[in-house]
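One structure below.
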Amino acid sequence: MIGRLTGTLIEKQPPRVVIDVHGVGYEIEAPMSTIYELPETGQAVTLHIHQGVRDEVPVLYGFLSDSERNRFRSLIRVNGVGPKMALAILSGISADELRRCIEQKDITTLTRLPGIGRKIAERLTLEMQDRLDSMGSGQATAVAGLSSGSVGAVANHPRAEANAALVALGYKPAEADRLLSGLDDEGHSSETLIRAALQKAVR
């Protein structure tokens, strides 16, 4: 079981990253809250790993902090919430906002996240109540300013990459198009567009 990986970040295609560890490239799925804070490609990085299985194939999920990994693990224990939905939740709202939604039973905000209907939102607010202490809190990385490393490489087609990332997070193509509509992509990376689209989604 892989619990942590340290290596060189060689690729960022949100929500997937690739880390080279002694010549072996590990494909890792990560929430945008982690991807926003990653350094530029070519730099060293350490991710806390949750190893799962999808269609009998091992899948790695990576997080910058152990507390974020714990939140992910708490989410996937909720009936009806799988890894993909958990990544979408962590990408769409900050740790503190998630805690607030659970404490205040804010169904409305939760249902704005992709794939979460009222029934799942109600389960989250009910089943996560006794896990709040283990979830911890964190900076609102999903809505904060860009870190210096995130501005690194501007993609050749940032809007297309942002659209693909939103679809991978669970938004329908038409919804991804709507969230990206009106956003200025001139000189901006796909990560910047994803951040703006996710902010727009939960307003």
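The values are calculated or read from the model by the stated rules, or taken from the named source; none is laboratory data. Bear in mind the structure is a predicted one, so any value in this text is a computation, not a measurement. Backbone-built Cβ (ideal geometry, glycine too); neighbour counts: all protein chains shown.
Show me the helices (runs of 4 or more DSSP H) entirely contained within the range 111-198 in which 1 or more residues are modelled with pLDDT under 70, surrounded by fewer than 15 Cβ atoms within 10 Å (Cβ to Cβ) and of a type outside the set (Phe, Trp, Tyr). Even if it seems obvious, please write down each step before you answer.
Values: elements: 118-127, 132-135, 158-168, 173-180.
Correct list: 132-135.
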> If the Cβ limit is 9 Å and pairs must be 6+ apart or interchain, which residue in the range 162-184 that is touching a residue at least 12 places away in the same chain (Cβ under 8 Å) pairs with which residue that is loosely packed, with under 14 Cβ neighbours inside 10 Å?
Replying inline: Asn163/Pro173; Leu166/Pro173
> How about the range 40-79: which of its residues are more than 14 Å from Pro15 (Cβ to Cβ) and acidic (Asp, Glu)?
Replying inline: Glu40, Asp55, Glu56, Asp66
> If the Cβ limit is 7 Å and pairs must be 6+ apart or interchain, which residue in the range 72-99 that is without any contact (Cβ under 8 Å) to a residue 60 or more places away in the chain pairs with which residue that is of a type in the set (Gly, Ala, Ser) and assigned to a helix (DSSP H, G or I)?
Replying inline: Phe72/Ala86; Leu75/Ala86; Ile76/Ala86; Leu90/Ser33
